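A short worksheet on the structure shown next.
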Amino acid sequence: MDQSEIDALLKAAGTQPAPSTPGALAGHEVEGRVISEIDAVTAVTERETNKVMDQLDLISQLVNRQQTLITEVMKHSGAQDPAVQEAIHQILSAAKDIQDKVFGAMDLMQFQDITRQKLERIVFHLRQIHDYIVELLGTGLKSEGERASISRTIQNTGTTPDEKKADADAVVEEFLRSKNKG
């Protein structure tokens, strides 16, 4: 996630990014809003995905009902005509194709569960980083010089994408290694 994406999340949450000067971090409020936004996106996506899944299930039930009705029609004496049999066969074949497409769409909708799991993992890591920053910038710092040094480190690190960090796990691992060194 780069700075423009973070700024967009903050703007959507109704918060402007805090200036990068010592002591100007509004950590709790910003972190809470960003995490709330991610949670809200996850909830909306899950709710809407469930609506789509419900509709697909309803379509599947209607196709099954249609197949049952066609099977009943086949029992009537007039349905033994070869032309009628061919038409019924084509209708049943189309119903099977619809059913297959519905099941395929249901399988494709599994992306939402994977996305939800990834967002929950990101929120977990954001909370860990937030807690560390609060601890680091909190009462444990004795002088203004220490706060300024940390502020410069954060500013120099930045939030632009780093090709060496493929995902949030890599960032957290690097963070934990640096914490253990200090």
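The values are calculated or read from the model by the stated rules, or taken from the named source; none is laboratory data. Since we're looking at a predicted model, the values are computed, not measured. Quick reminder, even Gly has a Cβ in these numbers, built from the backbone with ideal geometry, and neighbours come from all protein chains shown.
For the reader, a short list of remarks on this structure follows.
- Number of residues in the stretch 40-87 that are in a loop (DSSP other than H, G, I, E, B) and either in contact (Cβ under 8 Å) with a residue 24 or more places away in the chain or aliphatic (A, V, I, L, M) (or both): the value is 1.
- Evaluation of Asp107 against the conditions (1) under 30 Å from Ala40 (Cα atoms); (2) surrounded by 12 or more Cβ atoms within 10 Å (Cβ to Cβ); (3) free of Cβ contacts under 8 Å to residues at least 12 places away in the same chain shows that the sole unmet condition is (2).
- Looking across the stretch 96-111, the residues that are of a type in the set (A, V, I, L, M, F, W, C) and either at pLDDT below 90 or under 27 Å from the mean Cα position of the chain (by Cα) (or both) come down to Val102, Phe103, Ala105, Met106, Leu108, Met109, Phe111.
- Some residue of the stretch 35-52 being at pLDDT 85 or above, more than 25 Å from the chain's Cα centre (by Cα) and exposed (fewer than 12 other Cβ atoms within 10 Å of the Cβ): no
- Unmet requirement for Ile133, which otherwise passes all of (1) touching a Gly at 6+ places or on another chain (Cβ under 8 Å); (2) modelled with pLDDT of 85 or more: (2)
- Qualifying residue in the stretch 112-119 (condition: assigned to a helix (DSSP H, G or I), among the aliphatic types (A, V, I, L, M) and modelled with pLDDT of 85 or more): yes
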